[in-house]
Amino acid sequence: MADDLNKEFESLKADVANLRRDLSELAGDVREAGADTSRAAYERARQAERAAERKVEQHPMASLLTSFGVGILAGLILERRS
C-alpha cells in the first residue's frame, strides 16, 4: 500500500511538473503573440499618422477648414451639455 502511494505521489509530481512546463510555454507564447500584435498595431498607427501628415501637406487649407469646423461642432455639442 505504501508502495502504491509512493508511485501515485511520484506520478502526481511528474504531472504537476509537466503542467508547470506547459503553462510556462503557453505564457511565453501568449506574451510573444501580444508583443507581435502590439508591434503591428503600432506600425499601422504610424502609417496612418504619415498618411494624415501627407494629406495635410497636400491640402493645408482644407485641413485648416476641417479642423475649424470640427472645433465649432465640438463647441456646440459641449455647449448643449452645459
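Remarks
- The GNM of the chain, with springs linking C-alpha atoms under 10 angstrom apart, assigns the highest mean-square fluctuation among ALA41, ALA52, ALA17 to ALA17.
- Cα shape, the chain, gyration tensor, a/c 1.5 rule: oblate
- Helix axis angle, 2-58 relative to the chain longest principal axis, alpha carbon, degrees: 10 degrees
- Using alpha-carbon coordinates, inclination of helix 60-81 to the longest axis of the chain, degrees: 80 degrees
- Per-residue Cβ neighbour counts within 10 Å put ARG21, ARG80 in the sequence ARG80, ARG21, beginning with the fewest.
- Förster radius 35 Å - calculated FRET efficiency between PHE68 and ARG44, Cβ distance, rounded to 0.05: 0.80
- Residue among LEU26, ALA62, SER38 farthest towards the positive dipole end of the chain, charges placed on Cβ: ALA62
Read-outs throughout are calculated quantities, based only on the coordinates presented, and are distinct from any laboratory measurement. Note that this is a predicted model, so its numbers are computed, not measured. Cβ atoms come from the backbone with ideal geometry, glycine included; neighbour counts cover every protein chain shown.
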